[in-house]
1. With the cut-off at 28 Å, tell me which of the pairs K24/K188; K150/K280; K171/K372; K152/K288; K280/K325 have Cα atoms farther apart than that.
2. Taking the Cα-to-Cβ direction at D308 and at T123 and moving 7 Å from each Cα, how far apart do the two end points lie in nm?
3. Is the C-alpha gyration tensor of the chain telling us rounded, prolate or oblate? Criteria: a/c under 1.5 is rounded; beyond that, a/b larger than b/c is prolate, otherwise oblate.
4. Only counting other Cβ atoms within 10 Å, I'd like E41, E360, E23 sorted with the fewest neighbours first.
5. Would you mind getting me the FRET efficiency between E203 and A144? Use the beta-carbon distance for r and R0 = 35 Å, nearest 0.05.
6. Can you compute the charge dipole magnitude of the chain about its Cα centre, using +1 on each Lys and Arg Cβ and -1 on each Asp and Glu Cβ, nothing else charged? Give it in debye, rounded to the nearest 20.
7. Quick one: order D202, D105, D169 by neighbouring beta-carbon count within 10 Å, fewest to most.
8. Rank the residues R244, R363, R120 as a footprinting-exposure proxy: fewest other Cβ atoms within 10 Å of their Cβ go first.
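Just so it is clear, none of the values below were taken in a lab; they were calculated from the coordinates. This one's a predicted model, so the numbers in the text were calculated from it and none came from an experiment. Note: ideal-geometry Cβ built from the backbone for every residue, glycine included; neighbour counts use all protein chains shown.
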Amino acid sequence: MSLPPVPPTRIDFTPEDADWIAEKIKEVLGTGRLTLGGYGEELEKQFAALHGAKHAVAVNSGTASLEIMLRIADVAGKDVLIPANTFFATASAVIAAGGNPILMDTDPTTLSTTAAEVERRLTPKTVGIMIVHIAGFITHEMPAIVDLAKRKGLWLMEDAAHAHLATLDGKHAGTFGWAGSFSFYPTKVMTSAEGGIIITDDEKMATEARIYRDQGKASFFQNSHIRMGYNWRLSEPHAIIGLRHLQSLPQMIANRRRIAAKYDAALSSANGVRPMLPPKGCAANYYKYVVMLPDGVDRVTLKTWLKDEHGVQCSGEVYEFPLHKHPVLTQLDPGNLTGAEIACGRQMCLPIFASMTDAEADRVIAALDAAKRQGLV
Ligand SMILES: Cc1ncc(COP(=O)(O)O)c(C=O)c1O
C-alpha cells in the first residue's frame, strides 16, 4: 500500500479549535458585533504582548497593514527602499501609497539584504527602508541597518509577513524600527483566514492606523473622514480564528523548529543540497525550510520526480523569481540584482508545517538521498 503524500504545508486546526471557533462565532452572530469588536481587541492585545510591542492594530490583510504604515509615513512622491527578493505586495503597497519602490539586492546566504546594500541604493528622495524577513529568518545585519537608518535620518519598517515570533538576539521581528507588518494569510505560521496586523511602540502610529483602517474616520462613531483611509477592518469571525491560532503559536513554532533541526542534522552538500541555516543570533520560525541547489540543477525536474516517485510535495519556492522579473514590475529593474536572481533561482522549499511528524520528515530526507543517487542533484 502506498503512503499518503507528504504535503508542502498543512493548515492545522484541531477539532477542539474548530469547536471553540464555532462557539465564539455563534456568540458574535447573536450580539451582531461583527467587526471591530472585543475579539479583534483581544487579538491585538495578545499579539502585541507576545511580540514585546506596546501596540497592535489588526486589519484585513498583510497588504493592508503595509499600505497603512506607508500612508502614515507619507511616502507619496518619495523613494522607499525594498528588497528585490520579496512578495509583490511589498512593492504594490508602496505604489498604492503613492511612493516609488527602489529595489535592493539580496545576500543569498540570508535571503535578505545588507547594510552596505542599503547604503548603495540610497537616493536623494529616499525617506525610508522596508526590510522583509524572508522565510522567517532575520538577518544578522539588522543592528547595522538600524544604525544606518538612524544616521541617515530615515525610518525603518519591517514587512514581517513571514516572521511571527522569529527573533534576533532575543528581539522580535517587527520591533526593530518604527512599525512591523504581519500577514495572517492561510499558509502563514498562523492564520485568521485573511488578516494582518501592525505592531509598533509609537502611540501616534497606532492611533493613525486605527483611523486609516476604518475609512479614515475620526472615530468609530463619527462620520467625519480625516484621512484617505479605506475599508481595512478585520471582521470578528476572522479575529476569532486568528485568536485561536495565536494561542497555539509558540507550540506550532516549536514543532516547526524540531522538524528544521532534523533536516539540518541530516542534510548537507553530501545530499546535493545546502540547507539555509539561520543567520547568527536568529531563532527562525521556519515559515519555510529552504535549501539551495547547486548551479545547473533542474529544479522543476527534481520536484516532479520527488512528487511522482516518493510522494514528497515541495511547495512553490519562497519566491521563484525576484520582483523585477514580474511583467507588471519590470520598470523597477535597476539592472544589477544578481544576488536576488541567484537566491530565487537556486532555492527549493522542503515540506514543513506544525503538525509534521518525524516519519514525514524522514521520508523527505530519504527522497532527497534517492534523488542524489539518481543524479538529479
Ligand atoms: C512578504 C509578504 N508581504 C506581504 C504579504 C501580503 O500579505 P496578505 O496576503 O495577508 O495580504 C505577504 C503574503 O503573502 C508576504 O509574503
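1. In this structure, K171/K372; K152/K288; K280/K325 lie more than 28 Å apart at Cα.
2. 4.6
3. Here the chain falls in the oblate category.
4. E23, E41, E360
5. That pair, E203 with A144, gives E of 0.80.
6. 320
7. Going from least to most buried by this count: D169, D202, D105.
8. Going from least to most buried by this count: R120, R363, R244.
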